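The values are calculated or read from the model by the stated rules, or taken from the named source; none is laboratory data. Computed from a predicted structure; not experimentally measured. Reconstructed Cβ throughout: ideal geometry from the backbone, glycine too, with neighbour counts over all protein chains shown.
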Amino acid sequence: MGTWYFAGNVRQSRRVSLPQPPAPRPERHDTRLDRYVEQYADRTHTMQASAVRALFAVANRPEVVSLAGGMPNITDLPLNVVADSLQNLIMTEGTKAMQYGSGQGEPMIREQICEVMGLEGIVAHPDDVVVTCGSQQALDLVTRIFCNPGDVVIAEAPSYVGALTTFRSYQVEVVHVTMDDDGIRTDALAQAVTACRAAGKNPKFLYTIPNFSNPSGISQTADRRREVLQTCLDLDLLVVEDNPYGLLSLDAEPLPALRSMEDEQVLYLGSFSKTFAPGFRIGWALAPHAVREKLTLAQEAATLCPPVFSQYAVSSYLRDHDWQNQIVSFKDMYRARRDAMLEALEEYMPEGTTWTNPAGGFFVWVTMPEGLDSQSMLPRAVTDRVAYTPGTAFYADGLGSRNLRLSFCYPPPDRIREGVRRLAEVMRRELDLHHTFGLGTSPRHDGLTSGPGPEVS
Ligand SMILES: Cc1ncc(COP(=O)(O)O)c(C=O)c1O
């Protein structure tokens with residue numbers, strides 16, 4: 001016990017000041033639980049937890065067939081090979097692999113990334129590659145270096161939900177452009193950019209997933225790729241090509257990447273998440289030289305350097321293992337699942353339902369009959385032990401309520417069939433209710449409830 005407790009007593013030996021009672025806290029008039037609510041930056045106001053997150057916790061229970069998530073099925077990976085390779089890595093290069101590294105990424109993996117991109121016709125120099133923490137971080141860095149609050153990103157509709165989340169977190173306005181069965185519509189693209197500019201807005205880039213898009217499963221045809229590029233060149237609009245699924249082509253050889261046809265106008269994003277494993281969190285950006293410099297600075301500000309151990313791990317997997325053959329066996333497995341899903345849709349779906357026919361990737365995009373609402377239907381589907389992702393997640397503007405995304409990547413074929421059967425039953429019951437009571441979709445004020453995405457069966 002310190003002497004100050006005895007101040008003023010016999011034992012007082014030196015003058016010390018008594019602690020003042022704490023100043024009364026300003027009275028709080030709100031009942032909010034988060035005391036920092038007034039302190040957050042404006043950009044956090046646009047960050048929202050998904051409305052269906054809680055349901056997805058239930059959807060992960062074993063009795064539910066989840067056609068919702070996009071997790072790659074990595075059970076076929078040769079874990080013994082990976083384990084040997086990691087052990088060898090630690091024993092031989094551990095002190096380098098567990099050290100800080102280059103902000104741009106380690107030279108050896110940037111070289112290997114160029115070889116991987118070569119499979120899709122891209123000729124690139126390792127100097128122009130920036131390694132990132134998954135392509136998700138590449139999306140973040142690209143948005144960070146290009147977009148001020150209020151800027152516009154043009155995005156095909158429907159679009160990858162993770163990209164929309166990133167754009168929102170930078171207070172970027174997303175202007176959607178419709179697709180048809182061949183990919184993004186170039187007339188709509190030109191109109192959107194011209195209208196933005198006429199309104200004094202600044203569209204910074206086009207965000208597109210030319211191969212087996214998440215969520216639509218649509219791929220741009222070779223002709224459409226050329227048209228998209230030409231339109232962007234004419235408009236002087238940068239293209240951000242997001243291509244995590246390109247090597248997972250299930251029916252034919254992959255089409256050339258946009259970046260293989262044009263290098264200065266295209267910023268390319270790639271990932272090892274679907275061709276190896278997402279847990280290493282290694283993706284990359286291939287950017288025009290000056291942009292690459294800014295990306296590296298942004299990467300250094302964000303993380304100092306991308307995870308070095310993961311880069312070494314992926315690099316030794318690519319070096320020591322027949323990774324291309326591994327992709328062939330992944331493709332065989334995904335093809336069986338894709339086919340199971342398409343057959344089940346054909347067999348079970350109620351009349352008036354349409355869906356895309358993906359030639360690769362993980363996803364099928366379903367358009368339900370008029371009157372059904374994928375968001376309000378989800379709790380009833382989960383009760384019936386099947387889950388999907390409602391279409392509204394993939395639009396920045398509230399469209400997509402008649403759509404849903406089904407993933408065929410994770411459950412085995414028999415579970416996929418069962419999941420689609422259960423879903424079809426739920427839809428039939430909703431349709432009965434709709435016919436009896438007129439329940440279901442609450443139409444948007446403009447009467448549009450289905451996204452402008454493709455409606456092919
Ligand atoms: C289109 C698209 N882009 C980017 C990502 C992010 O992938 P990762 O960060 O694992 O590389 C995903 C993940 O599902 C995706 O579907």
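With respect to (1) within 16 Å of the ligand (Cβ to nearest atom); (2) without any contact (Cβ under 8 Å) to a residue 60 or more places away in the chain, the lone exception for P278 is condition (2). Out of curiosity, is E262 without any contact (Cβ under 8 Å) to a residue 40 or more places away in the chain and more than 11 Å from the ligand (Cβ to nearest atom)? Judged against the criteria, E262 is a match.
Number of residues in the stretch 265-275 that are within 13 Å of the ligand (Cβ to nearest atom) and part of a loop (DSSP other than H, G, I, E, B) equals 4. Helices (runs of 4 or more DSSP H) fully within the stretch 289-371 that include at least 1 residues being free of Cβ contacts under 8 Å to residues at least 60 places away in the same chain and of a type in the set (A, V, I, L, M): 289-303, 323-348.
The set of residues in the stretch 337-373 that are of a type in the set (S, T, N, Q) and either within 16 Å of the ligand (Cβ to nearest atom) or crowded, with 22+ Cβ neighbours inside 10 Å (or both) comprises T356, T367. Among the criteria (1) part of a helix (DSSP H, G or I); (2) closer than 20 Å to Y317 by Cβ; (3) more than 16 Å from the ligand (Cβ to nearest atom), the one G101 does not fulfil is (1).
For (1) at pLDDT 95 or above; (2) among the polar types (S, T, N, Q); (3) under 18 Å from L248 (Cα atoms), each residue gets a yes or a no:
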{"position": "Q311", "(1), (2), (3)": "yes, yes, no"}
{"position": "D320", "(1), (2), (3)": "no, no, no"}
{"position": "D332", "(1), (2), (3)": "yes, no, yes"}
{"position": "E346", "(1), (2), (3)": "yes, no, no"}
{"position": "W355", "(1), (2), (3)": "yes, no, no"}
{"position": "S374", "(1), (2), (3)": "yes, yes, no"}
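Within the stretch 68-96, residues that are small (G, A, S) have Cβ atoms under 9 Å from residues that are surrounded by fewer than 11 Cβ atoms within 10 Å (Cβ to Cβ) and not in a helix (DSSP H, G or I) in no pair, counting only partners at least 6 apart in sequence or on another chain.
Are any of the residues in the stretch 171-184 within 12 Å of the ligand (Cβ to nearest atom), of a type outside the set (F, W, Y) and either part of a loop (DSSP other than H, G, I, E, B) or under 14 Å from the mean Cα position of the chain (by Cα) (or both)?
no
For the criterion of being modelled with pLDDT of 85 or more and under 24 Å from the mean Cα position of the chain (by Cα), G70 passes. When the stretch 129-163 is filtered for residues that are touching a residue at least 40 places away in the same chain (Cβ under 8 Å), in a helix (DSSP H, G or I) and within 11 Å of the ligand (Cβ to nearest atom), the ones remaining, listed by number, are G134, S135, Q136, Q137, A138, L139, D140, V161, A163.
Here S213 meets each of (1) closer than 18 Å to L238 by Cβ; (2) crowded, with 20+ Cβ neighbours inside 10 Å; (3) hydroxyl-bearing (S, T, Y) with one exception, condition (1). For L423, the conditions (1) under 14 Å from T353 (Cβ atoms); (2) assigned to a helix (DSSP H, G or I); (3) modelled with pLDDT under 90 all hold with the exception of (3).
Applying the criterion of being more than 16 Å from the ligand (Cβ to nearest atom) and charged (D, E, K, R) to the residues of the stretch 281-301, the residue that is farthest from D127 (Cα to Cα) is E300. The residue of the stretch 229-259 that is surrounded by the fewest Cβ atoms within 10 Å (Cβ to Cβ), among those that are within 15 Å of the ligand (Cβ to nearest atom), of a type in the set (A, V, I, L, M, F, W, C) and not in a loop (DSSP other than H, G, I, E, B), is V239. So which residues in the stretch 193-228 are of a type in the set (S, T, Y) and within 16 Å of the ligand (Cβ to nearest atom)? Within the stretch 193-228, Y207, T208, S213, S216, S219 qualify. Hey, among the residues in the stretch 183-210 that are touching a residue at least 12 places away in the same chain (Cβ under 8 Å) and in contact with a Pro (Cβ under 9 Å, 6 or more places away or on another chain), which one's surrounded by the most Cβ atoms within 10 Å (Cβ to Cβ)? That would be I209.
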